[in-house]
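A.B. asks: One structure coming up, written as structure tokens, with questions to follow.
The values are calculated or read from the model by the stated rules, or taken from the named source; none is laboratory data. Everything numeric in this text was worked out from a predicted model, so none of it was measured. Neighbour counts are summed over all protein chains in view; Cβ atoms, including those assigned to glycine, are modelled from backbone coordinates with ideal geometry.
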2 protein chains.
Amino acid sequence: MSLLTEIHEQPEVIERTAHVNAGPAAQVAALAAACTHAVIAARGTSDNAGRYAQYVWGTRNGLSVGLTTPSLFSVYDRPPRLDGALVVGISQSGESPDIVSVLEEGREQRRPTVAITNEAHSPLADFADVVIDLVAGEEKAVAATKTYTAQLAAVAVISEAMTGGSGALDGIPASVSAALAQNDRAAEMAANEADMEHCAVLGRGFNQSTAFEWALKIQELTHVVAQPFSTADFLHGPIAVLEPDYPVLAVAAKGPALEDVIAVLERCRQAGASLVLIGNDPRLGQVGPLLEFDPTVEEWLSPIPAAVIGQLFAHHLTLAKGLDPDQPRGLHKVTRTT
Amino acid sequence: MSLLTEIHEQPEVIERTAHVNAGPAAQVAALAAACTHAVIAARGTSDNAGRYAQYVWGTRNGLSVGLTTPSLFSVYDRPPRLDGALVVGISQSGESPDIVSVLEEGREQRRPTVAITNEAHSPLADFADVVIDLVAGEEKAVAATKTYTAQLAAVAVISEAMTGGSGALDGIPASVSAALAQNDRAAEMAANEADMEHCAVLGRGFNQSTAFEWALKIQELTHVVAQPFSTADFLHGPIAVLEPDYPVLAVAAKGPALEDVIAVLERCRQAGASLVLIGNDPRLGQVGPLLEFDPTVEEWLSPIPAAVIGQLFAHHLTLAKGLDPDQPRGLHKVTRTT
């Protein structure tokens, strides 16, 4: 029962991550103030936290964030110039050599480096000027859940420090607890989709990261081919896959991206797609079956409760398929890629 | 027959794109010399050309390249600071408002702007200090082929200008002609995979872009759910989808990324996956059925002939499924996203 236990630990973990990292986040903010842009290195789940940082630090802090291609630093050993960059590595284990190599190069080029990791004593942390310790506790399940939302909380706390504000995350543990109360409805909707073999997972803006993470959880746990898209990218080609009963999952919060997502979902519905939605606006409920989260959460923080509902759905889809969420096929907890 | 005609025009188009843009590429190089990094805005096929630029400009020119999230500039209207950035928009039509908004903001912030487009008189070109005109001729097929390889050629010519070299692309039109000669074998291998409903498409390094573009072509034309991955990201979770007969497509060239791709393909083969490979190293042929391109092409230019073979395979898979490559479902030639 590791996965389900860890899913339910999240309100507490997020509160702890936010609390413990106020000081380190202020240090990151001070370093960022002297940078023109940020470069983030991450893979898998952590890469989705990087996508979230692109939106949060970009819209709220005016910091341009690029997700780097770690193989420039490792496989090709031809790292680019990092002039002006804040260099950030995100890795739950702090061990993947390609991610470590980016921070090592950042230090070599005398750029400020930050590690966001659940292992404060790890190779990644060793090359960091500031370590954001997720303090999520040991994560036993192969599929990352609490370390993901802790990474989002860390990104959010850094954003708060950059604006000079504080307290924005105070309500998030309660929003996450409320999200966990969607458990039974998530189980019901997952049971309806038990025969799913593939699906598209859509989001835009802040919740593009949620769509990518939701798809990854489904893929890791159920072996369903779950392909995530920004709704805008979906229109630039992949929408061609739509046919009657094609499962389309989508996540959206109240905010500027909502209209766009609803418009795409309307097209999906007209094409006969089978919809599963996560959101906090009642209009989504008119388009398809909706798993709801806190309607009062600010859009930029909505990926935290939204991701939790995605985890619940993925967990129940796994059970509905007769699989074991704690024994995903072909995966190990720590993946070391070079 | 637009699609097949345009696929075959590519040797000529690439030669023309490279020839015509020597001057503009030198102008881009001069602008880049005064920048700390580059920010690229693109969607769909053009986004894959952006991925290629990340590797080429990064490894060969030391220029750090980030792919931006256009919705920061459009949907959210909260553009980040672009201090130090060369701002590049890639769009075949030059019309997508979200991509245009990034160049408009670049100009607003007095940063140098570059448009890579097949429409020299377009909104995107209007906001560009330098226009790289792909001169690919009108592309009638909905699925972009010649404009994609022309975009790659443009990125490569800019890289050459940044190194101060020239002539690296001279052999590419011949490599592409040789790639086109794989037509019959591509048809045969596609016929063997006619029942494919989904697949993973793998690549790493320079040819990660090729994997993404190959997947997009298959998805647009055949409605197969084709999901692209860096081989490294594939190991961080999605490898769980593997089961006997699962189709895994992969592309790799001789070079530092090759060992890594072969190692992942061995795991896929052991799991019983059905492989379709594009490459120019005979060792790949020992792992699975191989569509070969010029073994003498430099790795950094290999995505051009490799992409062409991917197009041929996608075209023949479309025919093998009884579909019309010139009438893909649900798509329009110009996609305008905000």
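A.B. asks: Consider A:ILE262 against the criteria (1) in the same structural domain as A:ALA30 (by TED's automatic domain parsing); (2) within 30 Å of B:PHE212 (Cβ to Cβ); (3) β-branched (Val, Ile, Thr): it satisfies all of them except one. Which criterion is unmet?
C.D. replies: Condition (1) is where A:ILE262 drops out.
A.B. asks: Let me ask something additional. Any residue that is of a type outside the set (D, E, K, R), in a helix (DSSP H, G or I) and surrounded by fewer than 18 Cβ atoms within 10 Å (Cβ to Cβ) - is there at least one of those in region B:166-175? Quick ask: steps written out before the conclusion?
C.D. replies: We begin by selecting, within region B:166-175, every residue of a type outside the set (D, E, K, R); these are B:166-169, B:171-175.
Checking which are in a helix (DSSP H, G or I) leaves us with B:172-175.
Cutting the leftovers down to surrounded by fewer than 18 Cβ atoms within 10 Å (Cβ to Cβ) gives us B:174.
Within region B:166-175 (the criterion being of a type outside the set (D, E, K, R), in a helix (DSSP H, G or I) and surrounded by fewer than 18 Cβ atoms within 10 Å (Cβ to Cβ)), the answer is yes, since at least one residue qualifies.
A.B. asks: Check whether at least one residue in region B:125-145 is surrounded by fewer than 20 Cβ atoms within 10 Å (Cβ to Cβ) and free of Cβ contacts under 8 Å to residues at least 60 places away in the same chain, and report yes or no.
C.D. replies: Yes, there is a match, as at least one residue in region B:125-145 is surrounded by fewer than 20 Cβ atoms within 10 Å (Cβ to Cβ) and free of Cβ contacts under 8 Å to residues at least 60 places away in the same chain.
A.B. asks: Would you mind finding the one in A:THR45, A:THR68 that is within 11 Å of chain B (Cβ to nearest Cβ), among the polar types (S, T, N, Q) and touching a strand residue (DSSP E or B) at 6+ places or on another chain (Cβ under 7 Å)?
C.D. replies: A:THR68
A.B. asks: Considering only region B:203-220, state which residues are out of contact with any Leu (no Cβ under 7 Å at 6 or more places or on another chain) and either aliphatic (A, V, I, L, M) or free of Cβ contacts under 8 Å to residues at least 24 places away in the same chain (or both). Let's see the steps before the verdict.
C.D. replies: Step one: list which residues in region B:203-220 are out of contact with any Leu (no Cβ under 7 Å at 6 or more places or on another chain), which gives B:203-210, B:212-213, B:215-217, B:219.
B:ALA215, B:LEU216, B:GLN219 - these are the residues of region B:203-220 that are out of contact with any Leu (no Cβ under 7 Å at 6 or more places or on another chain) and either aliphatic (A, V, I, L, M) or free of Cβ contacts under 8 Å to residues at least 24 places away in the same chain (or both).
A.B. asks: May I ask you to list the residues in region A:243-265 that are within 8 Å of chain B (Cβ to nearest Cβ) and either within 28 Å of A:PRO295 (Cα to Cα) or surrounded by 21 or more Cβ atoms within 10 Å (Cβ to Cβ) (or both)?
C.D. replies: Just the residues of region A:243-265 that are within 8 Å of chain B (Cβ to nearest Cβ), to begin with: A:243, A:256-257, A:260.
A:PRO256, A:ALA257, A:ASP260, listed by residue number.
A.B. asks: Against the conditions (1) of a type outside the set (A, V, I, L, M); (2) crowded, with 23+ Cβ neighbours inside 10 Å; (3) touching a Phe, Trp or Tyr at 6+ places or on another chain (Cβ under 9 Å); (4) within 29 Å of B:ILE239 (Cβ to Cβ), where does A:HIS315 fall short? Just the number, please.
C.D. replies: (3)
A.B. asks: OK, next. Please verify whether B:VAL135 is part of a loop (DSSP other than H, G, I, E, B) and closer than 20 Å to B:THR117 by Cα, treating the condition exactly as stated. It would help to see each step written out before you state the result.
C.D. replies: Working: part of a loop (DSSP other than H, G, I, E, B): yes; closer than 20 Å to B:THR117 by Cα: yes.
Considered against the rule, which asks whether it is part of a loop (DSSP other than H, G, I, E, B) and closer than 20 Å to B:THR117 by Cα, B:VAL135 comes out as yes.
A.B. asks: Okay, moving on. Which of the residues spanning region B:76-92 are within 11 Å of chain A (Cβ to nearest Cβ) and either buried (at least 24 other Cβ atoms within 10 Å of the Cβ) or under 25 Å from B:TYR148 (Cα atoms) (or both)?
C.D. replies: Taking region B:76-92 and keeping what is within 11 Å of chain A (Cβ to nearest Cβ), we get B:76-85, B:87, B:91-92.
Of everything in region B:76-92, those that are within 11 Å of chain A (Cβ to nearest Cβ) and either buried (at least 24 other Cβ atoms within 10 Å of the Cβ) or under 25 Å from B:TYR148 (Cα atoms) (or both) turn out to be B:PRO80, B:LEU82, B:ALA85, B:VAL87, B:SER91, B:GLN92.
A.B. asks: Looking at (1) farther than 21 Å from A:THR149 by Cβ; (2) in contact with a Lys or Arg (Cβ under 9 Å, 6 or more places away or on another chain), which one does A:ALA252 not meet, given that it meets all the others?
C.D. replies: A:ALA252 satisfies all of (1) farther than 21 Å from A:THR149 by Cβ; (2) in contact with a Lys or Arg (Cβ under 9 Å, 6 or more places away or on another chain) except (1).
A.B. asks: So which residues in region A:266-278 are surrounded by fewer than 19 Cβ atoms within 10 Å (Cβ to Cβ) and touching a residue at least 60 places away in the same chain (Cβ under 8 Å)?
C.D. replies: Across region A:266-278, the qualifying residue is only A:SER274.
A.B. asks: Just checking, how many residues over region B:197-210 are modelled with pLDDT of 95 or more and over 14 Å from B:ALA306 (Cα atoms)?
C.D. replies: Of the residues in that region, 0 qualify.
A.B. asks: Separate question: Of the conditions (1) within 16 Å of B:PHE313 (Cα to Cα); (2) in contact (Cβ under 8 Å) with a residue 24 or more places away in the chain; (3) within 14 Å of chain A (Cβ to nearest Cβ); (4) over 19 Å from the mean Cα position of the chain (by Cα), B:ASP195 satisfies every one except a single condition; which number is it?
C.D. replies: The single condition B:ASP195 does not satisfy is (2).
A.B. asks: Please indicate, with yes or no, whether at least one residue in region B:163-179 is more than 27 Å from B:GLU292 (Cβ to Cβ) and of a type in the set (A, V, I, L, M).
C.D. replies: Step one: of region B:163-179, the residues more than 27 Å from B:GLU292 (Cβ to Cβ) are B:163-166.
From what's left, of a type in the set (A, V, I, L, M): none.
The answer is no, given that none of the residues of region B:163-179 is more than 27 Å from B:GLU292 (Cβ to Cβ) and of a type in the set (A, V, I, L, M).
A.B. asks: Given the residues B:ALA161, B:ALA190, which is the only one that is farther than 28 Å from B:PRO80 by Cα, among the hydrophobic types (A, V, I, L, M, F, W, C) and either without any contact (Cβ under 8 Å) to a residue 60 or more places away in the chain or buried (at least 23 other Cβ atoms within 10 Å of the Cβ) (or both)?
C.D. replies: Working: B:ALA161 fails: either without any contact (Cβ under 8 Å) to a residue 60 or more places away in the chain or buried (at least 23 other Cβ atoms within 10 Å of the Cβ) (or both).
So the residue among B:ALA161, B:ALA190 that is farther than 28 Å from B:PRO80 by Cα, among the hydrophobic types (A, V, I, L, M, F, W, C) and either without any contact (Cβ under 8 Å) to a residue 60 or more places away in the chain or buried (at least 23 other Cβ atoms within 10 Å of the Cβ) (or both) is B:ALA190.
A.B. asks: From the list A:ALA240, A:ALA232, which one is in contact with a Lys or Arg (Cβ under 7 Å, 6 or more places away or on another chain), in contact (Cβ under 8 Å) with a residue 24 or more places away in the chain and at the interface with another protein chain (Cβ under 7 Å from one of its Cβ atoms)? Walk me through it before giving the result.
C.D. replies: Working: A:ALA240 fails: in contact (Cβ under 8 Å) with a residue 24 or more places away in the chain.
Every option except A:ALA232 fails the conditions.
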